[in-house]
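Some notes on the structure that comes next.
The values are calculated or read from the model by the stated rules, or taken from the named source; none is laboratory data. What you see is a predicted model, and the numbers here were worked out from it, not measured in a lab. Because the Cβ atoms are built from the backbone with ideal geometry, glycine has one as well, and the counts that use them run over all protein chains shown. Protein only, heavy atoms only, side chains kept; ligands, DNA and RNA dropped before computing areas. Shrake-Rupley method; radii C 1.70, N 1.55, O 1.52, S 1.80 Å.
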Amino acid sequence: MRFFRDHHVTAMFSQGNRECCGELAELRTYLLAHLQWDPDCDVAALTERFLRAYYGPAAGPIGRYISEMHDALSTSGLGLGIFDSPKSHAAGYLSPERLEMMRGQLLAMD
């Protein structure tokens, strides 16, 4: 949003998940709305506030999941495209090892 503002874009159409139950669709919509209102908002603070309000006691583990997946994608050296297949990231942030680790963390939350 900052890029668009800085380049004098005067109108935007933002779209989150169009299908039901997309990964973190509610968070994505919340952040898109806030960034349209204020492109300089503190995304980390808004994310933390949303997670606490929406997930309650699970906010910490969900936040760690988001951070770990973000870091894994960043260090993979691969870009993330809108039409990527999960298979295109099987050696990166969606590796079997990482998915098993994340599964273990989710099971530990029970």
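General remarks:
- Accessible area expressed per residue, the chain, with surrounding protein chains retained (probe 1.4 Å, Å²): 74 Å²
- Of the chymotrypsin sites (Phe, Trp or Tyr not before Pro) in region 1-62, the ones in a loop by DSSP (not H, G, I, E or B) with at most 15 other beta carbons within 10 Å are Phe13.
- Cα pair distances exceeding 18 angstrom across region 1-62, given as percent: 43 percent
- Computed over region 24-95, Cα set: Rg, Dmax in Å: 13.9, 37
- Computed Kirkwood radius, in angstrom, where 1/r is averaged over Cα pairs of region 67-107: 10.6 Å
- Accessible area of the chain belonging to carbon and sulfur atoms, whole % at 1.4 Å probe: 59 percent
- Per-residue Karplus couplings for region 60-73, computed as 6.51 cos²θ - 1.76 cosθ + 1.60 with θ equal to phi - 60°, are listed in order as x, x, 5, x, 5, 4, 4, 4, 5, 5, 4, 5, 5, 5 Hz, Gly and Pro entered as x.
- With a 1.4 Å probe rolled over the protein heavy atoms of all chains, the accessible area of Ser88, Ser76 falls in the order Ser88, Ser76, largest first.
- Region 1-88: trypsin sites (Lys or Arg not before Pro) falling in loop per DSSP and having at most 13 other Cβ within 10 Å: Arg18
- Accessible surface comparison of Glu26, Glu97, Glu48, Glu68, probe 1.4 Å, protein chains only, largest first: the order is Glu97, Glu48, Glu26, Glu68.
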